[in-house]
Amino acid sequence: MTMLPCVYWLQLILVLLTSEIWTWGENCPSTCLCPDPHTVDCSGRGLTRLPDEIPLDVRRLLLSDNWIPRIPSDFLVLYSDLVYLDLRNNSLSHIEPGTLSTSSRLVFLDLGSNNLTEIPKGTFGESRSLIKLRLGNNPFLSMVGALNQLPSLRVVRLEGNPWVCNCNFANLFAWMLENSHKLPNGVEGMECSLPMDGRRVSLTQLSKDSFRECQATLTLTDLLIIIFSGISVSVVAIMTSFFLASTVHCFQRWSKGTKGDEEDSEE
């Protein structure tokens, strides 16, 4: 008699587990594998876009080795539990503004081996959870302005990118020097090409002084201020000259009138 309750509970547990496994299999995209309830593995499936019917509670999404060209801008709004996103070796050429700025839990992001050209400021918003970021081996990536906005970042991969040793690279290079502990090998093995002849130079041979001339480079805002100031000075100078000329002319007429009155009174 004492065995019946135990058997009953075991049967109930088996039913619940079977139901959970059945539901889990139904929620998995048909072209992917789901090794556990919160992981979707779509690696190497020849995908040209994100798969349909990804479970909303997914936490690890593996999409590497496909041909995905873009991420919808509302992607992380839908999958707010996502902590691990692997998009390595796809066809991404750009990240739409705001796509990654809504990620509140994303800890790991791999965008390596794509066709990205720029990671502008504001791409990640003010994400305070992103710890590991991979951006290496993007053959067209030349500018990364978003790294300063990632306070929790601990590891970043930037090797294999075609940096150009110009003033656009100066801020990123300064960031690399100040945060070399976040780069697996520091700047060792990284290069940039000289803008004049394309010759490759190791970053270990450069310092902040190498970009000293960039500090004197005027920004568009600076130029506008100078132009506006010059116009203002010119306008003030013209008005001052006109006022002085008018004053002198009036004084001369007054002087002539006074002299004529004196001559009339003498007669």
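Quick look at the numbers
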item	result
Matching entry among L130, L82, L100, L150 (being closer than 17 Å to W175 by Cα, open to solvent by less than 10 Å² (accessible area, probe 1.4 Å), modelled with pLDDT under 95 and among the hydrophobic types (A, V, I, L, M, F, W, C))	L150
Residues of the range 58-79 classified as open to solvent by 20 Å² or more (accessible area, probe 1.4 Å), assigned to a loop (DSSP other than H, G, I, E, B) and modelled with pLDDT under 95, total	5
Pairs, first within 20 Å of N90 (Cβ to Cβ) and assigned to a strand (DSSP E or B) in the range 101-115, second open to solvent by less than 10 Å² (accessible area, probe 1.4 Å) and among the small types (G, A, S), C-beta under 8 Å, six or more apart	D110/S64
Sole residue being out of contact with any Cys (no Cβ under 9 Å at 6 or more places or on another chain) and farther than 28 Å from A174 by Cα, chosen from L106, L76	L76
Candidate set: the range 133-144, residues that are assigned to a loop (DSSP other than H, G, I, E, B) and surrounded by fewer than 23 Cβ atoms within 10 Å (Cβ to Cβ); chosen: the one modelled with the lowest pLDDT	S142
Residue tally, condition open to solvent by 60 Å² or more (accessible area, probe 1.4 Å) and on the phi > 0 side of the Ramachandran plot, over the range 38-57	1
Residues satisfying the stated conditions in the range 174-192, i.e. over 17 Å from P162 (Cα atoms) and crowded, with 19+ Cβ neighbours inside 10 Å	K182
Some residue of the range 151-169 being in contact with a Phe, Trp or Tyr (Cβ under 8 Å, 6 or more places away or on another chain) and among the hydroxyl-bearing types (S, T, Y)	no
Residue in the range 199-230 that is least open to solvent (accessible area, probe 1.4 Å), counting only those that are part of a loop (DSSP other than H, G, I, E, B), modelled with pLDDT of 85 or more and not small (G, A, S)	L206
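Each row is one residue, and each column tells you yes or no for (1) under 24 Å from S113 (Cβ atoms); (2) in a helix (DSSP H, G or I); (3) touching a Lys or Arg at 6+ places or on another chain (Cβ under 9 Å).
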position	(1), (2), (3)
E159	yes, no, no
A170	no, yes, yes
P184	yes, no, yes
C192	yes, no, yes
D197	no, no, no
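The values are calculated or read from the model by the stated rules, or taken from the named source; none is laboratory data. Since the model is a prediction, treat every value here as computed from it, not as a measurement. Note that we place each Cβ from the backbone using ideal geometry, even for glycine, and neighbour counts take in every protein chain shown. For the accessible areas, the whole protein counts, side chains as well, though only heavy atoms, and no ligand, DNA or RNA atoms are used. Shrake-Rupley method; radii C 1.70, N 1.55, O 1.52, S 1.80 Å.
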